Amino acid sequence: MKINHRVRAVTDWVLVGLLGLSFLAAGIPKIAPGPGMVRRFEAWGYTAEFATVIGVVESLGGLLVLHPKTRRLGASIIAIDMAGAIYTHFSTGIGSPTMAIVYFGLAIGIAAMAGRPGGPS
């Protein structure tokens, strides 16, 4: 089944936009984490400083994935970050890894397709 080029382009931009904006929204609060965020990271065995590092990484990935020339790099950063989140959820038993798995899959797909003909450009 052949998909209309315009429909594919809009779908690509929506998925890329959601990924980028989601990671900006998730990363920015971690850059200067409040007490609740610090408690969450400490429960996982991490420090407040690590929360800041993760915030910078997530924000950077979110920004980079939004620009076509840096999309693959941004998606790769997000995928690596989500691999760490999946590990954290499974190893500590705290929280569900479901959303991290979804974001990991989406980021891998975007990284694999970025810059390819017919992929999210």
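For segment 1-33, what are the residues that are touching a residue at least 40 places away in the same chain (Cβ under 8 Å) and small (Gly, Ala, Ser)?
The answer is Gly17, Gly20, Ser22.
Somewhere in segment 82-97, is a residue part of a helix (DSSP H, G or I) and within 30 Å of Val7 (Cβ to Cβ)?
In the first step, residues of segment 82-97 are kept if they are part of a helix (DSSP H, G or I); the result is 82-92.
Imposing the further condition that a residue be within 30 Å of Val7 (Cβ to Cβ) reduces the set to 82.
Within segment 82-97, one or more residues are part of a helix (DSSP H, G or I) and within 30 Å of Val7 (Cβ to Cβ).
Given Val7, Val56, Val65, which one is modelled with pLDDT under 95, aliphatic (A, V, I, L, M) and in a helix (DSSP H, G or I)? Don't jump to the end; show me each part of the working.
On the way: Val56 fails: modelled with pLDDT under 95; Val65 fails: modelled with pLDDT under 95.
Of the residues listed, the single one that is modelled with pLDDT under 95, aliphatic (A, V, I, L, M) and in a helix (DSSP H, G or I) is Val7.
Can you pull out every residue in segment 107-118 that is surrounded by fewer than 16 Cβ atoms within 10 Å (Cβ to Cβ) and at pLDDT below 90?
Gly115, Arg116, Pro117, Gly118
Check Gly45 against each of (1) more than 10 Å from the chain's Cα centre (by Cα); (2) assigned to a helix (DSSP H, G or I) and name the one condition it does not meet.
(2)
For segment 20-69, which residues satisfy the criterion of being under 22 Å from Phe90 (Cα atoms) and among the aliphatic types (A, V, I, L, M)?
Ala26, Met37, Val38, Ala43, Ala48, Ala51, Val53, Ile54, Val57
The values are calculated or read from the model by the stated rules, or taken from the named source; none is laboratory data. Given the structure is predicted, the values throughout are model-derived calculations rather than measurements. As a convention, Cβ positions derive from the backbone with ideal geometry for all residues, glycine included, and neighbour counts pool all protein chains shown.
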